[in-house]
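Participant: The structure under discussion is supplied below as structure tokens; questions concerning it will follow.
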Amino acid sequence: MRSLVLGLQFGDEGKGKITDFISGKDSVLVRYNGGTNAGHTVVTGKGTFKFHLLPAGSLRSKTIVLGNGMVIDPEALISEIKTILPENPELRILVSSAANVVTKLHKAIDKSQEEMRGASKIGTTSHGIGPTYEEKYSRNGIRIEDLKDVNIVRKKLSLISKMRESELRGTEYQSEEKLDELANELASSWPSIKNFVTRTESFLFESVRSGEEMVFEGGHGTLLDIDFGSYPYVTSSNTVSGAIHTGSGVSLRKINRIIGVIKSYTSRVGEGPFPTELKGQEADKLREAGSEYGTTTGRPRRVGWLDIPLIKYASELNDVDELSITKLDVLGAFKEISICKSYDHSITNPMNVLLGFEKTVPEYITMDSWGILKESEIQHIVETGYKSVPQEMKDYIGTIEKMCNKPVKIISIGKIRESTIIKE
Ligand code: GDP
Ligand code: IMO
Ligand code: MG
């Protein structure tokens with residue numbers, strides 16, 4: 001089986017938990033887009049693991065691949081490997097030689113661009129992601145393979161610094177000494193990573209040919225896609241299913257199962273439209289119940305009710321086979337739950353609302369909640385399976401299935417790894 005796990009909302013849907021759940025000890029796991037702007041959490045008996053570059057199933061799988069579509073901060077990579085490898089010492093790690101390198105200079109540009117945008121800032125993670133993709137597409141990017149030669153890195157840094165003069169003005173990255181220092185620092189990461197670096201697409205072709213169990217993990221969420229998302233309040237990579245081809249070399253035709261992950265409500269970090277956003281006390285209540293603080297930046301996440309028009313759009317765009325719903329336990333904090341079932345009928349594409357081109361008042365239905373689940377109730381559901389899920393929760397899930405015309409196959413009712421249930 002070759003599966004793809006991706007988010008259908010604004011990121012942080014709980015993809016990491018689902019990737020970990022469906023990954024086995026023999027799986028080959030692949031990340032193909034983004035960088036440390038992603039933050040995927042897995043909670044096991046041993047603690048909380050936050051993945052930014054490595055796929056979330058790394059704790060127990062055989063091989064992980066960081067594809068060419070990623071932008072990689074070498075320092076962050078080395079530090080994440082140091083944390084994860086002791087948990088899974090046999091793990092084989094492969095990093096694409098063609099992936100682009102995020103440098104401190106790109107982080108400085110990210111900050112400077114946000115300052116220049118002023119009131120229309122995007123609210124990026126300031127991890128240098130956008131500027132690194134800009135570098136890639138302007139064909140001046142530093143690639144992982146360049147790290148082996150300090151002179152290549154230094155030459156590229158000079159060009160980048162020259163071309164981006166106005167963005168770097170007032171930062172230290174205009175001095176020759178600082179660029180020397182940065183080049184040396186980047187090249188010094190090579191000995192730690194060189195054994196992982198390869199043309200990963202060749203390895204992946206072979207994995208497909210030999211029928212390996214494979215799981216591809218998308219970063220971010222569909223509504224943050226650079227083309228289809230709520231531009232300009234998006235990330236700088238494609239987050240839709242098709243990105244696996246350009247980001248790893250593996251054709252989407254080779255994927256048997258596309259799992260669209262949704263949170264049982266909606267959250268968003270950073271700026272941009274959010275039609276079902278809650279404000280005030282209700283928002284605070286949902287944020288606290290769901291511990292909605294960014295995995296990467298710690299920022300409080302904006303929260304709101306489930307938005308079916310956007311999920312239907314995202315599931316069609318990604319051609320998902322099934323849905324997975326996470327954080328169902330969280331909605332137990334409310335007596336009544338709302339779902340945005342539709343927008344105004346005159347709106348043909350819900351993205352027009354998200355882009356601010358058309359206005360609408362979301363149309364809601366309300367449903368009874370299942371109440372806060374006790375630990376013992378969650379334990380009972382985990383032991384006995386979907387049949388023990390409270391009827392109100394089954395109704396909520398059934399309503400989503402009907403409205404989206406997609407089956408729900410996996411649900412999550414708690415933080416820890418075990419609280420994930422397969423719906424028969
Ligand atoms: P990702 O970026 O899509 O992988 O999601 P994040 O890890 O950024 O955010 C999801 C957060 O929700 C993490 O803190 C998870 O531990 C947590 N989480 C995932 N599933 C559940 C669930 O079913 N219930 C609760 N309460 N927390 C969950
Ligand atoms: P995961 O994989 C939530 C958001 C940022 C910001 C915008 C652009 O954990 O779901 P960037 O630094 O990418 O240029 O920021 O995109 N963003 C995410 N929000 N989850 C993510 O990833 C995100 N990746 C980017 O908050 O609004
Ligand atoms: Mg996240």
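Participant: What residue, of Leu77, Leu91, is open to solvent by less than 20 Å² (accessible area, probe 1.4 Å) and within 18 Å of Trp190 (Cβ to Cβ)?
Facilitator: Exactly one of Leu77, Leu91 is open to solvent by less than 20 Å² (accessible area, probe 1.4 Å) and within 18 Å of Trp190 (Cβ to Cβ), namely Leu77.
Participant: When the residues of the range 12-48 are filtered to those that are among the acidic types (Asp, Glu) and surrounded by 24 or more Cβ atoms within 10 Å (Cβ to Cβ), which remaining residue is farthest from ligand 3 (Cβ to nearest atom)?
Facilitator: The extreme case among them is Asp20.
Participant: For Ile78, work out the one condition from (1) within 14 Å of ligand 3 (Cβ to nearest atom); (2) among the aliphatic types (A, V, I, L, M); (3) in a helix (DSSP H, G or I) it doesn't fulfil.
Facilitator: Unmet condition: (1).
Participant: Say whether the condition of being open to solvent by 40 Å² or more (accessible area, probe 1.4 Å), aromatic (Phe, Trp, Tyr) and within 16 Å of ligand 2 (Cβ to nearest atom) is met by at least one residue in the range 212-229.
Facilitator: Checked against the condition, which is being open to solvent by 40 Å² or more (accessible area, probe 1.4 Å), aromatic (Phe, Trp, Tyr) and within 16 Å of ligand 2 (Cβ to nearest atom), the range 212-229 yields at least one hit.
Participant: Further question on the same structure: Given the range 287-393, what strands (runs of 3 or more DSSP E) lie entirely inside it while holding 3 or more residues that are under 18 Å from the mean Cα position of the chain (by Cα) and crowded, with 21+ Cβ neighbours inside 10 Å?
Facilitator: Counting at least 3 such residues, we get 322-326.
Participant: Just a yes or no: is a residue in the range 94-107 open to solvent by less than 30 Å² (accessible area, probe 1.4 Å) and either within 16 Å of ligand 1 (Cβ to nearest atom) or free of Cβ contacts under 8 Å to residues at least 40 places away in the same chain (or both)?
Facilitator: Checked against the condition, which is being open to solvent by less than 30 Å² (accessible area, probe 1.4 Å) and either within 16 Å of ligand 1 (Cβ to nearest atom) or free of Cβ contacts under 8 Å to residues at least 40 places away in the same chain (or both), the range 94-107 yields at least one hit.
Participant: How many residues are within 15 Å of ligand 1 (Cβ to nearest atom) and touching a Ser or Thr at 6+ places or on another chain (Cβ under 6 Å) when one looks only at the range 307-323?
Facilitator: Number satisfying all stated conditions: 2.
Participant: Check whether at least one residue in the range 370-387 is of a type outside the set (Phe, Trp, Tyr) and touching a Lys or Arg at 6+ places or on another chain (Cβ under 7 Å), and report yes or no.
Facilitator: no
Participant: Which of the strands (runs of 3 or more DSSP E) found entirely inside the range 211-279 contain at least 2 residues meeting this: under 20 Å from Asp319 (Cα atoms) and within 16 Å of ligand 1 (Cβ to nearest atom)?
Facilitator: Counting at least 2 such residues, we get 214-221, 257-263.
Participant: Could you tell me which of the residues Gly298, Gly294 is modelled with pLDDT under 95, closer than 17 Å to Phe274 by Cβ and within 16 Å of ligand 1 (Cβ to nearest atom)?
Facilitator: Going through Gly298, Gly294 in turn, the sole match is Gly294.
Participant: Which one is least open to solvent (accessible area, probe 1.4 Å) among residues in the range 108-128 that are within 20 Å of Ala183 (Cα to Cα) and more than 9 Å from ligand 2 (Cβ to nearest atom)?
Facilitator: Among residues in the range 108-128 that are within 20 Å of Ala183 (Cα to Cα) and more than 9 Å from ligand 2 (Cβ to nearest atom), the one least open to solvent (accessible area, probe 1.4 Å) is Ile109.
Participant: Just to verify a result, which residue in the range 2-35, among those that are away from ligand 2 (no atom under 16 Å from the Cβ) and among the β-branched types (Val, Ile, Thr), is farthest from Ile64 (Cα to Cα)?
Facilitator: Ile22
Participant: Based on this model, can you work out whether Glu282 counts as over 25 Å from the mean Cα position of the chain (by Cα) and in a helix (DSSP H, G or I)?
Facilitator: When the stated conditions are applied, Glu282 passes them.
Participant: For the range 20-63, give me every one of the strands (runs of 3 or more DSSP E) that falls completely inside it and has 2 or more residues that are more than 10 Å from ligand 1 (Cβ to nearest atom).
Facilitator: Hits in the range 20-63: 28-31.
The values are calculated or read from the model by the stated rules, or taken from the named source; none is laboratory data. Remember, it's a predicted structure, so these values are computed and weren't measured experimentally. Neighbour counts run over all protein chains shown; Cβ positions are idealised from the backbone, glycine included. Keep in mind that these areas ignore ligands, DNA and RNA; they rest on the heavy atoms of the full protein, side chains included. Shrake-Rupley method; radii C 1.70, N 1.55, O 1.52, S 1.80 Å.
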